Amino acid sequence: MPRDRPRWWSELLLIVVVYGAYTVARMLARGNVDTAIDNGLAILHFERSLWLNAEHPLNELFTQVAWLGVPSSFVYASLHYIVTPIVLVWLFRRRPLHYRMMRTWLLTSTLLGLVGFTLMPTSPPRLLDPSYGFVDSLAQYSHWGWWTDDASAPSGMGDFTNQYAAMPSLHVGWSVWCGVALWHYGSRSLLTRGVALAYPLGTTIVVMGTANHYFLDALAGVVVMTVGLLTARPLLRLSHRFRTRWGLATPAPGTEHDSLPVAIGGPRRPAPSESGKAGGTAAVRVPGARRPTAGAHGRDNGAARRT
């Protein structure tokens with residue numbers, strides 16, 4: 001029977017390599033600060049032209065009400081890196097038939113997000129001039145957690161992150177991925193469905209309220225995840241064909257979700273018309289005919305001799 005889930009160590013190595021390359025490339029793709037600020041202001045002005053102004057009231061609420069601002073700072077600085085791996089491991093352990101598809105979707109979308117950071121460096125609202133009315137809530141509550149006023153990175157590591165990578169928001173994108181995984185592959189309980197909806201929605205509110213992203217950044221995160229989903233299946237098929245051509249293919253993935261060709265071994269049950277062919281003669285029984293007895297055979301043979 002084909003292996004339903006890949007080897008854990010190969011998956012861990014793949015994820016570490018991809019995420020490491022993503023992190024290094026994200027730091028190198030810092031771009032020009034002036035360009036990033038101009039892009040951030042362009043997004044802000046475009047939102048105002050559409051009467052979209054969710055960032056300001058949320059940021060004011062989070063910075064003035066500590067019992068909302070402190071938890072939201074913890075959510076922004078931590079859940080992005082905790083919930084996503086937990087859901088990935090859960091899929092690996094409990095939903096092996098769908099793991100490959102979901103893993104490929106996540107990694108593809110993450111790399112697409114890196115393309116966005118490179119092509120369009122964008123300043124988050126918190127790094128704009130104070131005259132625009134935004135306050136860095138993580139900096140305001142930095143004495144409550146491990147982060148600093150540089151970014152959500154741990155203290156002393158602010159220089160090792162790209163603070164001008166607001167577009168698209170992978171905080172929102174990854175939370176959408178988690179929500180889809182819980183909704184489709186989790187239990188159908190009201191609690192699970194509620195978490196699947198509340199997590200991406202809450203993340204969207206947090207990234208805007210902490211002045212780390214614009215609404216359009218969050219929307220771009222959803223778009224990136226959608227493109228990643230549409231790209232994941234062709235990539236899986238291409239990878240499977242490549243590995244098969246070069247003799248590197250492992251047993252078939254064994255999943256209907258990624259639409260890869262699956263050949264499940266095992267003897268084929270012969271059709272009724274094929275029964276008896278293995279012996280060379282098909283045993284056909286005519287309805288209504290009586291099976292000849294030994295005596296009948298003897299009488300027939302005797303009659304033949306008398307004749």
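The values are calculated or read from the model by the stated rules, or taken from the named source; none is laboratory data. All of these numbers come straight from a predicted model, not from anything done at the bench. Cβ: placed from backbone, ideal geometry, glycine included. Neighbour counts: every protein chain shown. Protein only, heavy atoms only, side chains kept; ligands, DNA and RNA dropped before computing areas. Shrake-Rupley method; radii C 1.70, N 1.55, O 1.52, S 1.80 Å.
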Breaking point among (1) more than 20 Å from ALA220 (Cα to Cα); (2) open to solvent by less than 70 Å² (accessible area, probe 1.4 Å); (3) at pLDDT 80 or above, for PRO6: (3)
Count of residues meeting criterion [open to solvent by 60 Å² or more (accessible area, probe 1.4 Å), touching a Phe, Trp or Tyr at 6+ places or on another chain (Cβ under 8 Å) and modelled with pLDDT of 95 or more] in the range 86-109: 0
Members of the range 76-135 found to be under 22 Å from ALA21 (Cα atoms) and free of Cβ contacts under 8 Å to residues at least 12 places away in the same chain, listed by number: SER78, TYR81, ILE82, PRO85, ILE86, VAL89, VAL115, LEU119
Leading residue by the ranking (farthest from LEU128 (Cα to Cα)) among those in the range 196-237 that are of a type in the set (Gly, Ala, Ser) and open to solvent by 10 Å² or more (accessible area, probe 1.4 Å): ALA198
Hey, ILE82 modelled with pLDDT under 90, part of a helix (DSSP H, G or I) and under 17 Å from the mean Cα position of the chain (by Cα) or not: no
Residue identified as at pLDDT 95 or above and buried (at least 18 other Cβ atoms within 10 Å of the Cβ) among TRP183, TRP177: TRP177
Flag for LEU41 being touching a His at 6+ places or on another chain (Cβ under 9 Å) and of a type outside the set (Asp, Glu): no
Long-range neighbours under 8 Å by Cβ, at least six apart or interchain, first residue over 14 Å from VAL176 (Cβ atoms) within the range 224-246, second at pLDDT below 80 and hydroxyl-bearing (Ser, Thr, Tyr): ARG233/SER259; LEU236/SER259; ARG237/SER259; ARG243/THR250
